Every structure is written in C-alpha cells, then in structure tokens.
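Here the structure comes first, spelled out in structure tokens, and everything after it is commentary.
The values are calculated or read from the model by the stated rules, or taken from the named source; none is laboratory data. Just so we're clear, the structure is a prediction, and the values are computed from it rather than from any experiment. Positions of Cβ are backbone-derived with ideal geometry, glycine not excepted, and every protein chain shown enters the neighbour counts. Note: accessible area is taken over every heavy atom of the protein model, side chains too, but ligands, DNA and RNA are not part of it. Shrake-Rupley method; radii C 1.70, N 1.55, O 1.52, S 1.80 Å.
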Amino acid sequence: MKMALSINVAQAIVLLVAATLLGVSQAKTVVVGGDEKWRSGFNYTEWAFQSNPLYINDKLVFKYQPPSESSSAVDLYWMPDLYSYMTCDFSRAKLLADATQGNGAGYTVALDQWRPYYFASGPSNGLNCKDGMKFFAVPWPRWFK
Ligand SMILES: *[C@@H]1O[C@H](CO)[C@@H](O)[C@H](O)[C@H]1NC(C)=O
C-alpha cells in the first residue's frame, strides 16, 4: 500500500515536470503579417523572422480579403519542400485555403508537428510568391524553451 502510494506520487511529479517543460497550455495564436495581414506586395521573410520563436501547437491565422474590384485574389498554399518554396513552383503544392477563406476570422493553421512549414500565395502563376508573399515556419518543441 505504502509502495503504491509513493509510486503514484513519483508519477504525479514526473507528469507535473513534463507538463511544465512542455508548456502545454501556453500555445499562442499569431496573425500572419501583423497589421498587414496576408496581402500581395508585402515581403513576409522579415516578418517570419521576427515572429520567432514559434512552438508546436502555436497557431497561425491568415487573414485576407476576398477578390474585389480593388484587390486581386490571394490564397494560401502549402509548399511540399524547400526547393518548391524557393522557386515558387506550385506543381506539387497543396491548396490550404482558397481566395475566399481568409475572410472574417481568417484561416487558421495549427503548427502541430516538428517540421518546416512552407507557405505561399499562388495566384498569377506564382507572381505573389515571387514578390515575397511566402515564408516558412519551424515550430519548436516546448522543452527547448
Ligand atoms: C524579401 O526580404 C528578404 C530579406 O530581407 C530578401 O532576402 C528577399 O530578397 C526579399 N524578397 C523579395 C522578392 O524582395
């Protein structure tokens, strides 16, 4: 009985320490581009650099207007690898959100894995992307905090 109790206490301490290190409740939500939101003609490389560090389970919100007479379409693609990202090659890219899905509350992506995430806007044959409307994010595990 006493043995069982001390094991439970030890387990509880391990869990407490793990939860603290992992910071499971501290995930944050970041609006991509800040006040600029997600728009053409803005270079996201610098913004992405300043948004670091991001951690696993943080969320990115992409907010953009649907296409209108005054603004052309932007959207959101997930590029499969660094080379596609660098060259703005959308042939194997995956559409995450179309031109209308950034409206209102925006489109949210949860960074739930430890991997690079490559984002880019696709319209105009990749022209948005080539103009700088792309960035990548690598969310870190909390225990590196
Ligand atoms: C965006 O900014 C980065 C960092 O300053 C720069 O290296 C890159 O060439 C810029 N991209 C464009 C399309 O201007």
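Do you know which residues across the range 33-67 are away from the ligand (no atom under 16 Å from the Cβ), of a type outside the set (Ser, Thr, Tyr) and not in a loop (DSSP other than H, G, I, E, B)?
Passing the criteria: 35, 59, 60, 61, 62.
Collect the residues in the range 97-128 that are within 23 Å of residue 53 (Cα to Cα), open to solvent by less than 80 Å² (accessible area, probe 1.4 Å) and not aromatic (Phe, Trp, Tyr), keeping them in residue-number order.
106, 108, 109, 110, 111, 115, 116, 120, 121
For residue 70, work out the one condition from (1) loosely packed, with under 12 Cβ neighbours inside 10 Å; (2) more than 16 Å from the ligand (Cβ to nearest atom); (3) under 15 Å from the mean Cα position of the chain (by Cα) it doesn't fulfil.
Going through the list (1) loosely packed, with under 12 Cβ neighbours inside 10 Å; (2) more than 16 Å from the ligand (Cβ to nearest atom); (3) under 15 Å from the mean Cα position of the chain (by Cα), residue 70 breaks only (3).
Report, by residue number, each residue of the range 121-144 that is part of a loop (DSSP other than H, G, I, E, B) and either under 17 Å from residue 102 (Cα atoms) or more than 9 Å from the ligand (Cβ to nearest atom) (or both).
121, 122, 133, 138, 139, 141
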